[in-house]
Amino acid sequence: MSRRSTQLLRTGLVAAVLFFVALIAEWKLAGLVLKPIPVLCVLAWLWPLRGADARRLRLGLVLSVLGDVLLAEAIDLFIAGLAAFLLAHVAYVAAFVGRTRALHLLRLAPIAVFGWSVYGWLAPNLGELRGPVLAYVIVICAMMWRAAAQVGERPGEEGRAWAGLAGAIAFALSDTLIAVNRFIAWSLGVELLLMVLYWVAQVLIASSVAREE
């Protein structure tokens with residue numbers, strides 16, 4: 001690991017720990033400032049890399065930072081934040097499709113079951129947000145599917161492909177926990193877990209960046 005990468009990792013970890021402190025202490029303004037920093041560190045790590053794949057991942061990270069700000073407790077613009085993250089997932093779908101267009105429909109089956117089950121569980125509590133949440137579930141399932149489809153398609157990049165899939169799954173789980181906290185019942189423990197999953201997801205997806213050809 002380069003010195004620059006090490007510094008970015010340390011900065012991201014320190015910001016994450018301080019964000020948790022702010023969350024527990026209910027320091028909303030501090031949380032607003034600290035929350036985007038770990039993803040900004042991932043974005044800074046990815047920034048020098050060239051190629052269409054890296055550009056698509058950077059776009060996803062920028063939109064995720066926007067979503068972080070909009071969903072921060074000090075602002076809490078849920079629909080706007082939902083839209084920002086939906087577009088981030090679209091950017092990641094584009095990145096994964098850019099790596100392979102192979103369908104691998106059998107890999108879609110368990111993902112579709114997951115998405116339908118989660119939506120069916122949440123639906124009674126969604127009210128007027130059923131449509132937007134359904135659209136979000138479809139897009140994140142598409143992201144997981146395309147992440148799964150890339151596995152085994154690029155010889156020599158198996159580790160990157162699996163990192164992308166693991167990141168997509170972690171992102172889906174994090175989003176599911178956001179929905180639990182928003183629509184079922186809020187819990188500090190769930191909030192802490194979903195943020196860990198979210199940051200791990202972003203690191204894994206960014207580390208799956210395809211080599212420039």
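The values are calculated or read from the model by the stated rules, or taken from the named source; none is laboratory data. Here the structure is a predicted model, which means the values were calculated and not measured. All Cβ positions, even for glycine, are placed from backbone atoms using ideal geometry, and neighbour counts span all protein chains on display. Just the protein is used for accessible areas: all its heavy atoms, side chains included, with ligands, DNA and RNA removed. Shrake-Rupley method; radii C 1.70, N 1.55, O 1.52, S 1.80 Å.
All conditions in (1) assigned to a helix (DSSP H, G or I); (2) under 21 Å from Ile79 (Cβ atoms) hold for Trp162, with the sole exception of (2). When the range 193-212 is filtered for residues that are under 17 Å from Leu165 (Cβ atoms), open to solvent by 50 Å² or more (accessible area, probe 1.4 Å) and not aliphatic (A, V, I, L, M), nothing remains.
Scanning the range 154-185 for residues that are open to solvent by less than 10 Å² (accessible area, probe 1.4 Å) and among the hydroxyl-bearing types (Ser, Thr, Tyr) turns up just one, Ser174.
Residues are listed down the side, and each one gets a yes or a no for (1) touching a helix residue (DSSP H, G or I) at 6+ places or on another chain (Cβ under 6 Å); (2) closer than 17 Å to Val90 by Cα; (3) hydrophobic (A, V, I, L, M, F, W, C):
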residue	(1), (2), (3)
Ala109	no, no, yes
Met144	yes, yes, yes
Ala148	yes, yes, yes
Val151	yes, no, yes
Trp162	no, no, yes
Val190	yes, no, yes
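Could you list, in sequence order, the residues of the range 109-128 that are in a helix (DSSP H, G or I) and either in contact (Cβ under 8 Å) with a residue 24 or more places away in the chain or touching a strand residue (DSSP E or B) at 6+ places or on another chain (Cβ under 8 Å) (or both)? Result: Ile111, Ala112, Phe114, Gly115, Val118, Leu122, Asn125. Being crowded, with 17+ Cβ neighbours inside 10 Å, over 18 Å from the mean Cα position of the chain (by Cα) and closer than 24 Å to Ala54 by Cα: is that true of Val151 here? Against the criterion (crowded, with 17+ Cβ neighbours inside 10 Å, over 18 Å from the mean Cα position of the chain (by Cα) and closer than 24 Å to Ala54 by Cα), Val151 qualifies. Counting the residues of the range 31-70 that are free of Cβ contacts under 8 Å to residues at least 12 places away in the same chain and assigned to a helix (DSSP H, G or I) gives 2. Among the conditions (1) open to solvent by 50 Å² or more (accessible area, probe 1.4 Å); (2) in a helix (DSSP H, G or I); (3) closer than 19 Å to Leu194 by Cα; (4) of a type in the set (Val, Ile, Thr), the only one that Ile138 does not satisfy is (3).
Looking at the range 60-68, is at least one residue at pLDDT 95 or above, surrounded by 17 or more Cβ atoms within 10 Å (Cβ to Cβ) and over 19 Å from Ala88 (Cβ atoms)? Looking through the range 60-68, none of the residues is at pLDDT 95 or above, surrounded by 17 or more Cβ atoms within 10 Å (Cβ to Cβ) and over 19 Å from Ala88 (Cβ atoms).
For the range 85-108, the criterion of being open to solvent by less than 50 Å² (accessible area, probe 1.4 Å) and free of Cβ contacts under 8 Å to residues at least 24 places away in the same chain is met by no residue.
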